[in-house]
Amino acid sequence: MKNLTLKLKMFLKNKNTVTLLCGLLIVAVIYIGYNWRVSEAVKPVRVPYALDTIDPRTEITSDMIGYREIAKSAVTSEIITDSNKLLGYYVNANTVIPKGSMFYKQTIVQKEALPDAALYDMPIDETLYYLGVNITTSYSNSILPGNYIDIYMQTITTDADGNSKVMVGKLVSNVLVRAVKTSNGLNVFESSDEARIPATIIFSVKEDIHLLLRKAATIGNLSNEYRIDIIPVPNTTGFNGTTEGVVTSVSSEYLRNFIEEKSIYIPEEDLIENVDPNNQNNEE
């Protein structure tokens, strides 16, 4: 036994032996580590993918998601692997997710991060109305999304002598402003270094008011007798007409009857369409 121990000590003291053992140990570590990394790289990972093409601004639901296994090495930091981070999220406004595609972080946003998110969260019995404005009629850009405004209607007639008569009244109260856009379709109050001029105020109203506003716009467009203006007013401010001449204030009921009377022979399909002026020739 002593001889065996002595021989072992002598063996270990041999520099060549130690070098050989260290070399074998290093090779073993490299081999084991390499095999572990290869095993991890090819290890399958379950990831969600789109069962069908998903359009922009679409909420992602469970029936849109399938699952497949891919090699772990193919999974980048941008690929979403947890379906819980998809459900209830929306496809970004400038993105289409093709059928069969995996989901990437930059293509998915929360609802409130969507451009014009407020436009897609309306009561089912309301319709959007796009009202052209300028810096003056927007009260020096003081009408903001989320504000409530009153909608006034002003009619102006001019007689043969050039005398003007103005009829003005509040058509509808407490209308929610959902967006304010520039002529290029940009959000006026979006975080930006540039000064943006309002061109369109977007609000939602009940369908009967939506039709009434379209009728008023059509009358003003077809008639040489009347000029009709639809004017947004902060509901903390009054409006009594801005044109020189005789101003007559009338009730909302009077205005509604006036619009219905003047548009009675105009078929609904001939009413002026009310669409986003920034997207008429640029449909998504």
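Among the residues of region 42-87, write down those that are of a type in the set (Ser, Thr, Tyr), in contact (Cβ under 8 Å) with a residue 40 or more places away in the chain and either under 16 Å from Val109 (Cα atoms) or outside any strand (DSSP E or B) (or both).
Thr53, the sole residue that qualifies.
Condition first: farther than 15 Å from Leu255 by Cβ, surrounded by 16 or more Cβ atoms within 10 Å (Cβ to Cβ) and not β-branched (Val, Ile, Thr). Now tell me which residues in region 145-163 satisfy that.
Once the filter is applied, which keeps residues that are farther than 15 Å from Leu255 by Cβ, surrounded by 16 or more Cβ atoms within 10 Å (Cβ to Cβ) and not β-branched (Val, Ile, Thr), region 145-163 yields Pro145, Asn147.
For Asn184, state whether it is loosely packed, with under 12 Cβ neighbours inside 10 Å and out of contact with any His (no Cβ under 7 Å at 6 or more places or on another chain).
yes
Can we say Tyr139 is touching a residue at least 40 places away in the same chain (Cβ under 8 Å), hydroxyl-bearing (Ser, Thr, Tyr) and in a strand (DSSP E or B)?
No; evaluated as a whole, the condition is false for this residue.
Filtering region 153-189 down to residues that are assigned to a loop (DSSP other than H, G, I, E, B) and touching a residue at least 12 places away in the same chain (Cβ under 8 Å), which residue is farthest from Ile135 (Cα to Cα)?
It comes out as Asn163.
A short reminder: the numbers here are calculations on the coordinates, not readings from a lab. Just so we're clear, the structure is a prediction, and the values are computed from it rather than from any experiment. Counting neighbours? That spans all protein chains shown, and the Cβs are built from the backbone with ideal geometry, glycine included.
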